[in-house]
Amino acid sequence: MSTADDAELTELENPRIVDLFAGPGGFDVAAHWLGVPSIGVEFDANACATRNAAGLQTRFEDVTKVHPEEYLDCNVLVGGPPCQTFTVAGRGAGRRALDDVLQLVGMLAAGKIDEALAAAAKFSDPRTGLVLQPLIWALIRHRIGKPYEAIVLEQVPAVEPVWHAMAAVLRGIGYGASAEVLKSEQFGVPQTRRRAVLIARRGFPSSAVRFPEPTHEAFDRRREAGGEDFLSIFRKLQPCVSMREALQFDLQYRMPFTVVSNYGSGGDPRNRGRRTSDQPSFTITGKASRNKIVFDNGVETRFTQLVSSCLQSFPHDYQWEGGDISQQIGNAVPPRMAAHVLNAVLGRPSWAVDDVFFREVQKSWFSRKPTGMVPVGVEA
């Protein structure tokens, strides 16, 4: 075990991921790009239909009905619990229950798993308590002497205090852990999307557990209007990837266009936000199809599922199946950001996920999707 303040992670040998609340495959796509086997546990039939079409190994089951001991061969835990109750756009049951959730994290740290689950079952929205599941899995694996070597958790920014509380618990059982909010456009994703992320590695000090360094600038309208970001210049960060760059495969999106958001800004529902084609997209949500696209020649259209998927950084031929596809896309973790995070927590060099790497893996999913996997609990 390294204890120096300037310690660095060594590369984790033979990583294998179990992905809780895996959705349609954001983290699993990233894992496949990195050559890391993964299995996702997911209870939404639509997301499982997409995962099946993509060739991703899947357990079609409620996470709460699966026991961590069933996947002892997996040494990396990834989790993206449902975010609807915590989002700004949602009704806010999770935000109101945030203090209660933090208390339950304390109960878990004290080994009171059953009591914490019983208390979580009383939340007005049952999805709120699901945010505790990854920590429960980690604690059970620690208790039976088969701890995970690495952990990655992802949620909306409102959950950052929970991640910090969980990071403290993980430090108490031998992990170096850190949590912060990442901006997807700083990792080459052509949209602005903020997500709270926790990363942990067993047997290392927290000083060694570092998030990936941004490769691209953060989007800032003021800087776009003429200001300069000297930090970006010093760090030699690339400009944000624009919508037009991401959609080059479609001839119509090579023309200049403006996106008019479905949502108001500044507290005024009539004041619709606007982004030009030379800027990254607004956050892709399940309602992205309501955003209006106005081309400079006057033609108007809406976001298609293909456009939304590509702005999430999925390959253009990623096959979406089942129902509610717009919501599947909006709920997904952007694979490009996920690849940066996984690469860092696995202790691999940053140059392994450079622009050349992403240009290659994002060309096509169909030609390089996993083969020979038999999804569990999903009919072909």
Exercise. For region 158-181, which residues satisfy the criterion of being over 18 Å from S207 (Cα atoms) and crowded, with 21+ Cβ neighbours inside 10 Å?
Worked result: V159, V162
Exercise. Which residues, counting only those in region 87-124, are surrounded by 14 or more Cβ atoms within 10 Å (Cβ to Cβ), at pLDDT below 85 and of a type in the set (K, R)?
Worked result: R95, R96
Problem set entry | Filter result (more than 14 Å from A53 (Cβ to Cβ) and more than 17 Å from the chain's Cα centre (by Cα)) within region 297-324 | N297, G298, V299, E300, T301, R302, F303, T304, L306, V307, H316, D324
For this session: Please enumerate the residues belonging to region 325-340 that are buried (at least 24 other Cβ atoms within 10 Å of the Cβ) and under 11 Å from the mean Cα position of the chain (by Cα).
Result: A332, V333, P334, P335, R336, M337, A338, A339, H340
For this session: State whether one or more residues within region 34-56 are free of Cβ contacts under 8 Å to residues at least 24 places away in the same chain, surrounded by fewer than 16 Cβ atoms within 10 Å (Cβ to Cβ) and within 20 Å of F358 (Cβ to Cβ).
Result: yes
Exercise. If you go through region 194-205, how many residues are small (G, A, S) and more than 14 Å from the chain's Cα centre (by Cα)?
Worked result: 2
Exercise. Out of (1) outside any loop (DSSP other than H, G, I, E, B); (2) within 19 Å of the chain's Cα centre (by Cα); (3) over 23 Å from Y253 (Cα atoms), what's the single condition that is false for G347?
Worked result: (1)
Exercise. How many residues are under 22 Å from I329 (Cβ atoms), in contact with a helix residue (DSSP H, G or I) (Cβ under 8 Å, 6 or more places away or on another chain) and at pLDDT 90 or above when one looks only at region 258-281?
Worked result: 6
Seminar exercise, completed: Selection over region 150-193 where residues are part of a strand (DSSP E or B), closer than 25 Å to S261 by Cβ and either over 11 Å from the mean Cα position of the chain (by Cα) or free of Cβ contacts under 8 Å to residues at least 40 places away in the same chain (or both) yields a count of 3
Problem set entry | Residue among R290, R275 that is surrounded by fewer than 17 Cβ atoms within 10 Å (Cβ to Cβ) and on the phi < 0 side of the Ramachandran plot | R290
Problem set entry | Count - residues of region 288-321 that are part of a loop (DSSP other than H, G, I, E, B) and among the charged types (D, E, K, R) | 3
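The values are calculated or read from the model by the stated rules, or taken from the named source; none is laboratory data. From a predicted model like this one, the values you see are computed outputs, not experimental measurements. Ideal geometry is used to build each Cβ from the backbone, glycine not excepted, and the neighbour counts take in all protein chains shown.
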